[in-house]
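Asks: First the structure, which I've put down as structure tokens, then a few questions once you've had a look.
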Amino acid sequence: MDDQRIVALYWDRDEAAIAESDKKYGKYCRYIADAILHSDPDTEECVNDTWLGAWQSMPPHRPQRLGVYLGKITRNLAIGRYARDHAQKRSAPTALVLDEVEEFLPAADESLPLSEELALKEAINRFVGALPRQSRVIFVRRYFYLSPIKEIAESLGLSESNVKVILLRTRSKFRAHLEKEGIVI
Amino acid sequence: MKDKKDEKKQRLLEAMSLLDDRYVEEADPTRARPKKKLWRRLSILAACLCLIVTSASLWLFLPYNHQPPDVSEYADSEYYPLIQKLNAVTYIRPTYKNNFERYFGRWGYTLYPKDDAYLNFGASSPAGGEPGAALPEGATDGADSLTGSTSEMESQYQETTDNQVEGVIEADLIKRSDRHIYYLRGNTLSVYPIAGAETRALSSLTVSLPDEMRYAYRASEMYLSTDCRTVTVIASYTARAGQTKVALISLDVSDPAAMVQKQTVTLTGSYQSSRLTDGTLLLISGFSVGQNPDFSDESQFLPQIDRGEGAESIPMKDIVSPETLSTTYYTVVSSFDEDTLALSGCTALLSYSNTVYVSHDAVYVTRAAGLRHKEGDLTVSESVTEIARLAYDGDGLRYRGSVTVAGYVKDQYSLDEYEGYLRVVTTTDEQKYRESVSFGYGAAEIWMDGGSGSNASLYVIDLETLTVRTAVEAFAPAGETVQSVRFDGTAAYVCTSIQLSDPVFFFDLSDLDHITVKDTGTIEGFSTSLVNFGDGYLLGIGRGDGWDTVKLEIYEETETGVASVCDETISRSYYSQDYKSYLIDRENRLVGLGVSSYDGSYRSRYLLFFFDGLTLHRMVDCTLRGDISTMRAVYIDGYLYLFSNEDFAVQKLS
């Protein structure tokens with residue numbers, strides 16, 4: 001079932017929308033949740049919360065790309081659950097990604113105000129949009145999907161060391177980009 | 001601080017959710033990308049394999065070019081028919097069909113196509129000695145005359161060479177007048193006044209060859225004109241460009257003390273032989289066309305003559321060639337005026353060998369070839385000789401046709417023209433064998449069966465019709481080959497041999513319809529030269545009962561056969577088979593030759609024998625340094641004058 005028809009089900013308050021969403025994007029949302037939570041029960045729960053979040057957000061939203069919309073809901077829920085439920089006990093893979101993300105942080109005084117979300121969004125998209133496709137896919141896979149480096153390498157036919165080098169260079173460029181944009185977090 | 005940093009990291013990670021949907025969708029990890037990558041790799045690998053296999057196949061099985069190059073661009077040339085023939089013969093075709101056959105032939109076999117005629121040439125070495133050498137010790141260079149006037153104004157020519165045909169002079173290292181002896185050491189001519197024991201070299205002159213000479217690889221020969229005023233030297237040399245050439249150099253020797261070089265004519269090719277008759281110098285040279293010649297350069301496929309005004313190619317009308325070439329070797333017969341070296345005629349015979357016989361009015365050039373035919377399951381192979389006749393006179397040379405006989409000739413003495421007939425003695429060599437192919441090591445194997453045999457035959461050819469008038473075939477014991485021949489009017493002497501024994505045959509050719517033959521029976525040794533020694537005696541020079549034994553033997557005809565009168569052997573010695581190195585003095589019944597003897601070390605010496613009608617007596621046995629093939633001797637008024645490329649001596653005879 002195409003995305004428009006599924007969204008129409010949500011708008012029609014037809015519970016078949018959940019089933020269809022799960023059927024089409026369940027695997028996708030589970031992948032995102034599991035990459036952050038690394039726990040089957042937590043992943044299932046997060047995906048179920050995703051359908052609830054979708055049911056509650058449509059209407060009024062009518063997303064063009066339903067899969068990404070649902071995936072972002074799942075991602076945010078997963079990150080929130082991770083931060084809440086794993087404050088003491090960190091998932092190693094996710095912690096690893098967080099450590100990498102630290103490299104994005106521009107050198108800034110903590111006393112400065114937080115960036116506006118819009119400015120940050122634009123800065124991120126300008127940077128990612130300017131990347132070569134392969135570097136962009138690797139960057140998004142790593143820092144959006146939190147995919148393991150090995151998996152990224154296998155899916156793209158590259159070596160792990162190659163992927164690491166690309167990520168290292170991209171992080172460095174991203175930091176410089178944020179500093180240049182005057183983005184502080 | 002640490003919590004704030006963690007919070008920031010988390011906020012940034014959350015901020016990644018702000019990524020544009022298209023970038024998120026682009027990187028969807030659940031899409032089936034790996035298969036696409038794998039197929040791509042497999043496709044690339046398959047394409048590479050196909051390329052490798054195709055390249056390998058092309059390299060292995062692409063056929064070699066077996067066609068000669070296209071020569072149609074020379075269609076306007078007068079030599080085009082000749083170029084086409086040469087192109088087909090000089091093009092070296094690949095041995096294999098392709099690389100697979102070349103490198104993996106052991107796993108298969110290949111039978112190469114057989115031609116109906118195959119090459120069977122035996123090039124005899126032209127006479128000659130060593131390259132130019134210094135004068136021997138004791139010789140002087142200068143006007144140190146002991147006999148008064150050195151001029152040849154009043155001299156008379158004296159023949160020193162035992163010419164095959166009387167009146168047809170052959171070039172040699174030694175010539176003389178009644179006053180002087182001329183000897184050629186390489187390219188240096190020395191003159192000796194005849195003065196008995198006091199003889200010393202009067203003067204010498206090293207002929208100057210063209211500047212392009214790189215080195216003279218064969219010795220020279222010469223003629224002395226009948227007025228004793230001109231010496232014509234014939235020299236072979238290699239030009240700097242690597243091309244072999246023949247030079248005719250005329251020297252003014254009217255004043256032997258002050259010899260002067262006059263003029264030079266050069267021809268491309270190698271010197272084979274020459275004759276001088278009635279003021280006409282006939283030069284026989286050979287010119288070989290190399291592989292894959294450049295037909296835009298005439299010097300690569302045509303003999304050329306340079307008379308000092310640039311090289312000129314022989315015109316097409318003067319080239320005689322068979323329909324099918326079996327070789328790319330020219331035999332060039334040129335005629336020059338002895339005094340002026342002006343060219344009066346030239347004929348080039350393509351595919352002819354260098355065995356030449358010259359009579360009073362014709363030049364005969366032979367070509368040996370092999371023929372094969374089938375007899376049941378046997379293949380019969382035999383040699384044949386084609387003899388071409390060129391008439392010469394004051395108007396030049398004219399090709400008169402050819403005739404073919406079975407077998408091959410030994411040398412120029414195997415032919416003789418007499419009263420309208422050409423007599424020829426050949427060795428016939430019919431072989432029968434059966435061909436088979438076995439895989440063995442992958443190559444074709446041919447094994448012989450059916451036997452083979454050689455023999456000797458004599459043919460009499462009518463020169464009017466160039467057909468065989470009569471023949472005596474296979475007159476020798478089976479397996480024998482011709483070692484020497486000598487014609488003398490209506491008589492012919494032939495020595496054949498197998499290993500180290502020979503019979504000598506005497507033919508009476510006075511009645512061609514009833515040719516009779518007698519022989520000596522089998523005797524030890526064999527003669528490589530047979531010489532008419534006068535008074536009915538025949539002299540044989542050759543080997544004795546061992547390969548290192550020299551034997552001289554005198555024969556005479558008897559009622560029932562040919563008998564040996566006497567012989568003389570020289571053991572542990574070798575002799576020269578150059579007939580010009582023998583002293584044959586019929587008037588004084590002297591025979592001399594140089595030998596190389598081994599007695600702990602090799603020593604060259606000269607031997608002179610006197611035949612008193614019953615026995616050969618050794619008159620002289622003296623050391624003479626040098627190459628035995630360059631040794632020459634002249635007997636004058638009780639003195640024997642001895643020359644070699646390294647030495648000179650005078651022996652007084654009692």
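Asks: Taking +1 at the Cβ of each Lys and Arg and -1 at the Cβ of each Asp and Glu, which of A:GLN4, A:VAL140, A:ALA17 sits farthest along the dipole of chain A towards its positive end, judged by Cα position relative to the Cα centre?
Replies: So the residue we want is A:VAL140.
Asks: Assuming a ≥ b ≥ c are the square roots of the Cα gyration tensor eigenvalues, decide whether segment B:475-595 counts as rounded (a/c under 1.5), prolate (otherwise, with a/b larger than b/c) or oblate.
Replies: Details: a/c = 1.94, a/b = 1.30, b/c = 1.49.
In terms of gyration-tensor shape, oblate.
Asks: I would also like to ask the following. Any idea which of B:TYR392, B:SER313, B:LEU350 is furthest toward the positive side of the dipole for segment B:306-407, if Lys and Arg beta-carbons carry +1 and Asp and Glu beta-carbons -1?
Replies: Working it through, the farthest residue towards the positive pole turns out to be B:LEU350.
Asks: Which residues of segment A:52-68 end up with at least 10 Å² less accessible area in the presence of all protein chains than when their chain stands alone, using a 1.4 Å probe?
Replies: A:ARG65, A:VAL68
Asks: Next question, about the same structure. Hey, what do the phi angles of segment A:150-159 turn into as Karplus ³J(HN,Hα) couplings, whole Hz, using 6.51/-1.76/1.60 and θ = phi - 60°, x for Gly and Pro?
Replies: Along segment A:150-159, the couplings run 4, 5, 4, 4, 5, 5, 9, x, 10, 8 Hz.
Asks: What angle, in degrees between 0 and 90 and rounded to the nearest 10, separates the Cα long axis of helix A:40-57 from the longest principal axis of the Cα atoms of chain A?
Replies: So the inclination is approximately 70 degrees.
Asks: Moving to a separate point now. Convert each backbone phi in segment B:503-513 into a coupling constant with the Karplus relation 6.51 cos²θ - 1.76 cosθ + 1.60 (shift: θ = phi - 60°), then list the ³J(HN,Hα) values in order as whole Hz, x for Gly and Pro.
Replies: After applying 6.51 cos²θ - 1.76 cosθ + 1.60, I find x, 10, 9, 10, 9, 9, 9, 5, 10, 5, 7 Hz.
Asks: Just the number, please: carbon plus sulfur as a percent of the accessible area of segment B:223-327, 1.4 Å probe, no ligands or DNA/RNA counted. Kindly include the intermediate steps, with their values, before the conclusion.
Replies: Details: 1530 of 3840 Å².
Heavy-atom surface of segment B:223-327 belonging to carbon and sulfur, 1.4 Å probe: 40 percent.
Asks: Quickly estimate the mean residue ellipticity at 222 nm for chain A, helices only: each DSSP H run with n ≥ 4 gives -39500 (n - 2.57), and the total goes over all residues, rounded to 500. Before the final figure, lay out each step's value.
Replies: Numbers: 9 runs with 134 residues, N = 185.
Taken over chain A, the calculation gives -23500 deg cm²/dmol.
Asks: Next question, about the same structure. Along Cα→Cβ, 7 Å out, is where each label goes; now give me the distance between the ones at B:ARG586 and A:GLU122 in nm to one decimal.
Replies: If labels sit at B:ARG586 and A:GLU122, their model points lie 13.1 nm apart.
Asks: With a ≥ b ≥ c the root eigenvalues of the C-alpha gyration tensor of segment B:525-592, is it rounded (a/c under 1.5), prolate (a/b larger than b/c) or oblate? Numbers along the way, then the final one.
Replies: Details: a/c = 2.18, a/b = 1.28, b/c = 1.71.
Oblate, since a/c reaches 1.5 and b/c is not below a/b.
Asks: Summarise the partner chain shielding of A:28-39 as one whole number: the mean count of Cβ atoms from other chains within 10 Å of each residue's Cβ. Mind dumping the intermediate values first?
Replies: Working: counts 4, 1, 1, 3, 4, 0, 0, 1, 1, 0, 0, 0.
Whole-number average of other-chain Cβ neighbours for A:28-39 is 1.
Asks: Related question: Counting Lys and Arg as +1 and Asp and Glu as -1, each charge on the Cβ, what is the dipole of the protein assembly as shown about the Cα centre in debye, to the nearest 20? Each step should come with its number before you reach the end.
Replies: Working: 86 positive and 121 negative charges, 1507 e Å.
Dipole about the Cα centre, nearest 20: 7240 debye.
Asks: Now, a different point. From largest accessible area down, sort B:MET619, B:MET222; use a 1.4 Å probe on the protein chains. Each step should come with its number before you reach the end.
Replies: Numbers: B:MET619 75, B:MET222 0 Å².
Ranking B:MET619, B:MET222 by accessible area, largest first, yields B:MET619, B:MET222.
Asks: Measuring from the lowest to the highest alpha carbon on each principal axis, how far does the protein assembly as shown reach, largest first, in angstroms?
Replies: 148, 71, 62
Asks: OK, next. Which order, highest average first, do B:513-521, B:180-188 follow once you tally other Cβ atoms within 10 Å for each residue and take the mean per peptide?
Replies: Working: B:513-521: 14.4, B:180-188: 24.3.
Per-residue mean Cβ counts within 10 Å order the peptides as B:180-188, B:513-521.
Asks: Checking an interface number: how much accessible area is buried between A and B, summed over both chains, with a 1.4 Å probe, in Å² rounded to 100?
Replies: Details: alone 11090 and 31640 Å², together 38960 Å².
Summing both chains' loss of accessible area gives about 3800 Å².
Asks: At R0 = 56 Å, how high is the FRET efficiency between A:ALA16 and B:LEU42 if r is their beta carbon distance? Nearest 0.05 is fine. Write down the numbers at each step before the final one.
Replies: Details: r = 41 Å, r/R0 = 0.74.
For R0 = 56 Å, the calculated efficiency reads 0.85.
Asks: So, in nm, how far is label B:ASP178 from label B:ASP70 when the simple model puts each one 7 Å beyond its Cα toward the Cβ?
Replies: That separation, rounded to one decimal, is 7.2 nm.
Asks: Here's a follow-up. Going by accessible area, probe 1.4 Å, with all protein chains left in place, what is the ranking of A:LYS180, B:LYS175, largest first?
Replies: Per-residue accessible area, sorted high to low, gives A:LYS180, B:LYS175.
Asks: Is the shape of segment B:572-654 rounded, prolate or oblate, going by the alpha carbon gyration tensor and its root eigenvalues a ≥ b ≥ c, with a/c under 1.5 for rounded and a/b larger than b/c for prolate? Kindly include the intermediate steps, with their values, before the conclusion.
Replies: Numbers: a/c = 1.68, a/b = 1.40, b/c = 1.20.
Since a/c reaches 1.5 and a/b is larger than b/c, the shape of segment B:572-654 is classed as prolate.
Asks: How about segment B:237-299: which trypsin sites (Lys or Arg not before Pro) there lie in a loop by DSSP and see at most 13 other Cβ atoms within 10 Å? Intermediate results must be reported in sequence, preceding the final value.
Replies: On the way: sites: B:ARG240, B:LYS245, B:LYS262, B:ARG275; in loops: B:ARG240.
Qualifying residues, ordered by number: B:ARG240.
Asks: Just want the answer: with Cβ charges of +1 for Lys and Arg and -1 for Asp and Glu, which residue in B:LEU608, B:ALA563, B:SER597 is farthest toward the dipole's positive end in segment B:552-643?
Replies: So the residue furthest toward the plus end is B:SER597.
Asks: Ignoring ligands, DNA and RNA, what accessible area per residue does segment B:527-654 give at 1.4 Å, in Å²? The partial results should precede the final answer.
Replies: Numbers: 5140 Å² over 128 residues.
Averaged over the residues of segment B:527-654, the accessible area is 40 Å².
Asks: Additional query: Which value in Å is the Kirkwood Rh of segment B:303-434 over different Cα pairs? It would help to have the intermediate numbers written out before the result.
Replies: On the way: mean 1/r = 0.0610 Å⁻¹.
Hydrodynamic radius (Kirkwood, Cα only) of segment B:303-434 equals 16.4 Å.
Asks: For segment B:183-321, what is the accessible area per residue in Å², given a 1.4 Å probe and the full set of protein chains?
Replies: Numbers: 4880 Å² over 139 residues.
Value returned for segment B:183-321: 35 Å² of accessible area per residue.
Asks: Ok, one more. Are there any chymotrypsin sites (Phe, Trp or Tyr not before Pro) in segment B:544-643 that are in a DSSP loop and have at most 10 other Cβ atoms within 10 Å? List them by number. Please report the intermediate quantities before stating the final value.
Replies: Numbers: sites: B:TRP547, B:TYR555, B:TYR574, B:TYR575, B:TYR579, B:TYR582, B:TYR598, B:TYR602, B:TYR606, B:PHE609, B:PHE610, B:PHE611, B:TYR635, B:TYR639, B:TYR641, B:PHE643; in loops: B:TRP547, B:TYR582.
The qualifying sites are B:TRP547.
Asks: Mean-square fluctuation check for chain A, GNM, Cα pairs under 10 Å: which of A:ARG62, A:ARG30, A:ARG81 is largest?
Replies: Greatest mean-square fluctuation among the candidates belongs to A:ARG62.
Asks: To the nearest 0.05, how large is the calculated FRET efficiency for B:THR54 and A:ASN48 if R₀ is 45 Å and r is the Cβ-Cβ distance? Can you show the working numbers first?
Replies: Values: r = 59 Å, r/R0 = 1.30.
Approximately 0.15, to the nearest 0.05.
Asks: Run through segment A:115-185 and list the GluC sites (Glu not before Pro) located in a DSSP loop whose Cβ has at most 10 other Cβ atoms within 10 Å. Write down the numbers at each step before the final one.
Replies: Details: sites: A:GLU116, A:GLU117, A:GLU122, A:GLU151, A:GLU154, A:GLU160, A:GLU179, A:GLU181; in loops: A:GLU116.
Answer in residue order: A:GLU116.
Asks: Pulled fully out, how much extra length does the chain show between B:GLU78 and B:ALA391, if you take 0.36 nm times their separation in residues and subtract their Cα-Cα distance? Please list the in-between numbers first.
Replies: Working: separation 313, 0.36 × 313 = 112.68 nm, distance 2.47 nm.
Working it through step by step, the gained length comes to 110.2 nm.
Asks: Cut-off 16 Å, label point 7 angstrom out along Cα-to-Cβ of B:ALA197: give me the residues of segment B:618-633 whose amide nitrogen falls inside.
Replies: The answer is none.
Asks: Now for a different question. For the pair B:GLN10/B:ARG625, report the inter-label distance in nm, with labels modelled 7 Å from Cα in the Cβ direction.
Replies: In this crude spin-label approximation the distance works out to 11.7 nm.
Asks: Counting only protein heavy atoms, what percent of the accessible surface of chain A is carbon or sulfur at a 1.4 Å probe?
Replies: 51
Asks: Apply 1/(1 + (r/R0)^6) to the Cβ-Cβ distance of A:LYS24 and A:GLU154, taking R0 = 22 Å, and write down the FRET efficiency to the nearest 0.05. Spell out each step's value before the answer.
Replies: On the way: r = 25 Å, r/R0 = 1.12.
The calculated FRET efficiency here is 0.35.
The values are calculated or read from the model by the stated rules, or taken from the named source; none is laboratory data. Since we're looking at a predicted model, the values are computed, not measured. Cβ: placed from backbone, ideal geometry, glycine included. Neighbour counts: every protein chain shown. Surface accessibility is based on the protein's heavy atoms, side chains included, excluding ligands, DNA and RNA. Shrake-Rupley method; radii C 1.70, N 1.55, O 1.52, S 1.80 Å.
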